[in-house]
2 protein chains.
Amino acid sequence: MDKKSPISIPLTEREESVTVTQWVYQTLRRAVMHGQILPGRALTIRELAKVLDVSPMPIREAIRQLSAENALEIQGNRRVMVPKMTAMKFNELCEARIALEPYAAARAMPYLNAAKIAELKALNTLGDQAMAQGNFEEISSLNQDFHRLLYSANPHQVTQPLIESLWLQLGPFMRLATSSLEEYYVVDRHDEAMQAIEKHDAIALQLAIKSDIREGIAFVSTPEALHNFIEQSNTSAR
Amino acid sequence: MDKKSPISIPLTEREESVTVTQWVYQTLRRAVMHGQILPGRALTIRELAKVLDVSPMPIREAIRQLSAENALEIQGNRRVMVPKMTAMKFNELCEARIALEPYAAARAMPYLNAAKIAELKALNTLGDQAMAQGNFEEISSLNQDFHRLLYSANPHQVTQPLIESLWLQLGPFMRLATSSLEEYYVVDRHDEAMQAIEKHDAIALQLAIKSDIREGIAFVSTPEALHNFIEQSNTSAR
DNA sequence: ATCGTTGAATTGTGATCACAATGCCTGTAG
DNA sequence: CTACAGGCATTGTGATCACAATTCAACGAT
């Protein structure tokens, strides 16, 4: 019956008081971010409804929201899929992160009180532990939490949704690319960022974030490596 | 029957081949951007369905998409509204524009061939005409078209949706603020931008865009003026 | 063997309905 | 006159259904 490659999405228990649509949205978002839905794989509402065991309605709403965040792509011919990556697009996404995130960090710095700094340090420590254990899933997740917590310290911040959109577009490809590496060196400029924060040095903080982002994608730094990863991540969706 | 202030949304003919949901989305988006739905006004799906004369279903989808773009805000208590503006948020939105748009312009410059430049010049000329006639609606619209055309010249660009989201959040407030001014001086740094483009001077282009944005919001530059406009735009939604 | 065509199955779209939760209004007690 | 409680109307949510458009595969012609 299924001609297409099967899709398996990790399901979590749905808490009461969470609407079905919200649960579907979170589930699909996580699946996309973790690269569990292959780029280019055609998705249908009814198929997802069966996999998640809900009616088509919440799926429709979640898909529309995810496509508004550029996590999914609605092609003209009523086909929905995770967008495929290209070398140029990858480059643009990384540069956009570098344009936005250091700025967001600097804007958040005035709001970083002792409590927030303690939280950041705690996340940082957890990250170090995960790195010692070589738990890449955890490292990546904690790294995102660190950045999110930092930027969101600014209560008037408006860039977080934009940044999340960029992460969502880079996520699937990063997962697919790193999963093919037996081992990759994880850079951690968070200590550098923490020092800049404690000195109230906005410029140093921006530099630390910028370095963190740049070095986090260094494993695909050469055009050939990038090309290979893209080739691989796209053909695997065949 | 209607205790709330009436909402009137300009309707356009729906072309065939455009889905109802798309038409509703465009209609609501335009209404929000033009400040025709007052910030803070509670919206209900069924009310909008009656106003637009469609079933509640397309409204639901359009609302979800617009709230994903931060054009609408879904409060916990199942209430949807255009977000209210605050002085801090306005500041953040403007600074985010300044962080993103000059970058997007510089990234687009390599792709600006003679044809694109001609298009930009044409838009610029139309803008000058509108300015001579004092047609502020047209000026504002053409100004957006100019920026959009410039950034979108980059075929791999990923920032346009993010920028559109920022415009969408600033739009309603800018309309309400300028509508209360009898006359406001419209700055136009587009000529400066065109010269930078023709010289292939990325730095100059970034500066021109930056100035264009900063001076476009200069009429609320003083904290007191900003405060007054916000006061006014929010109380009018009472 | 390859390409174009046709028909059946599948798909997105939009309408309608049922239900539980929320908000609103009224009536009553203090 | 104020505050609270009760009941009623309204709302978002999610399921189901009908239909037109599209896809896909089998079939036939060249």
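The values are calculated or read from the model by the stated rules, or taken from the named source; none is laboratory data. Since this is a predicted model, take the numbers as computed values, not measurements. Glycine also receives a Cβ, built like all others from the backbone with ideal geometry; neighbour counts cover every protein chain displayed. Surface accessibility is based on the protein's heavy atoms, side chains included, excluding ligands, DNA and RNA. Shrake-Rupley method; radii C 1.70, N 1.55, O 1.52, S 1.80 Å.
Find the all-direction average of the projected area of the Cα convex hull for the protein assembly as shown, expressing the result in square nanometres with one decimal place.
25.6
On the accessible surface of the protein assembly as shown, probed at 1.4 Å, how many percent belong to carbon and sulfur atoms?
Carbon and sulfur: 51 percent of the exposed surface of the protein assembly as shown.
Ordered by residue, what ³J(HN,Hα) values in Hz, to whole numbers, does the stretch A:80-90 give under the Karplus form 6.51 cos²θ - 1.76 cosθ + 1.60, where θ = phi - 60° and Gly and Pro are x?
Using θ = phi - 60°, the values come out as 10, 7, 6, x, 7, 8, 10, 4, 5, 5, 4 Hz.
Within a Cβ distance under 12 Å of A:Arg30, other residues only, what is the Lys/Arg minus Asp/Glu net charge?
+1
Where in the stretch A:28-58 is the amide nitrogen less than 19 Å from a point lying 7 Å along the Cα-to-Cβ axis of A:Ser141?
Within reach of a label on A:Ser141: A:28-37.
Just to confirm the number: angle between the C-alpha axis of helix B:114-133 and the first principal axis of chain B, 0 to 90 degrees, nearest 10?
60
Report the label-to-label distance for A:Ser5 and A:Met131 in nanometres (one decimal), using points 7 Å from each Cα along the Cα→Cβ vector.
Result for the modelled spin labels: 3.2 nm.
Give the B-A buried accessible area in Å², both sides summed, 1.4 Å probe, nearest 100.
Using a 1.4 Å probe, the pair buries roughly 2800 Å².
From other protein chains only, count the Cβ atoms within 10 Å of every residue's Cβ in B:99-107, then give the mean.
4
Taking N as the number of residues in chain B, what is its alpha-carbon radius of gyration divided by 2.2 N^0.38 Å?
Here the Cα radius of gyration is 1.07 times the empirical estimate.
Using a Förster distance of 56 angstrom, determine the FRET efficiency expected from the C-beta separation of A:Arg46 and B:Leu207, and round it to 0.05.
Plugging the Cβ-Cβ distance into 1/(1 + (r/R0)^6) gives 0.60.
Could you state the angle between the C-alpha long axis of helix A:223-235 and the longest principal axis of the C-alpha atoms of chain A, as a value from 0 to 90 degrees rounded to the nearest 10?
30
Where the label is 7 Å out from Cα toward Cβ, how close does B:Ala204 come to the same position in every other copy, in nm, shortest first?
Going from nearest to farthest copy, the values are 3.8 nm.
How far apart are the B:Arg79 label points across copies, placing each 7 Å from Cα toward Cβ, in nm, shortest first?
Taking the point 7 Å beyond Cα along Cα→Cβ, the inter-copy spacings are 4.5 nm.
Tell me, what HN-Hα J-couplings in whole Hz come from the Karplus equation 6.51 cos²θ - 1.76 cosθ + 1.60 at θ = phi - 60° for each residue of the stretch A:21-28, using x for Gly and Pro?
Taking θ as phi minus 60°, the curve returns 4, 4, 5, 4, 4, 4, 5, 5 Hz for the stretch A:21-28.
Karplus couplings for the stretch B:69-74 from phi (6.51 cos²θ - 1.76 cosθ + 1.60, θ = phi - 60°), rounded to Hz, Gly and Pro as x?
The phi angles translate into 8, 6, 8, 10, 10, 9 Hz.
Taking a point 7 Å out from Cα toward Cβ as the label site, list the nm distances between B:Ile7 and the same residue in every other copy, smallest first.
Relative to the other copies, B:Ile7 has label-point distances of 3.2 nm.
Probe of 1.4 angstrom, ligands and nucleic acids ignored: what's the accessible area per residue over the stretch A:20-81, in square angstrom?
Value for the stretch A:20-81: 45 Å² per residue.
Looking at this model, which pairs from A:Lys84/B:Lys84; A:Lys50/A:Lys89; B:Lys116/B:Lys210; B:Lys89/B:Lys199; B:Lys50/B:Lys84 are more than 31 angstrom apart at the alpha-carbon?
A:Lys84/B:Lys84; A:Lys50/A:Lys89; B:Lys89/B:Lys199
Find the accessible area per residue for the stretch A:104-218; the probe is 1.4 Å, ligands and nucleic acids are left out, and the unit is Å².
Result: 47 Å² of accessible area for each residue.
Residue by residue through A:154-164, how many Cβ atoms from other chains fall within 10 Å of the Cβ on average?
That average works out to 5.
To the nearest 500 deg cm²/dmol, what mean residue ellipticity at 222 nm is calculated for chain A from DSSP H runs of n ≥ 4 alone, each contributing -39,500 (n - 2.57), summed and divided by the residues?
Computed ellipticity for chain A at 222 nm equals -20500 deg cm²/dmol.
Hey, what angle do you get for helix A:56-68 against the long axis of chain A, alpha-carbon based, 0 to 90 degrees rounded to 10?
In chain A, helix A:56-68 runs at an angle near 40 degrees to the longest axis.
Report, as an integer, the average count of C-beta atoms from other chains found within 10 Å of each Cβ along B:68-74.
The per-residue average across the peptide is 3.
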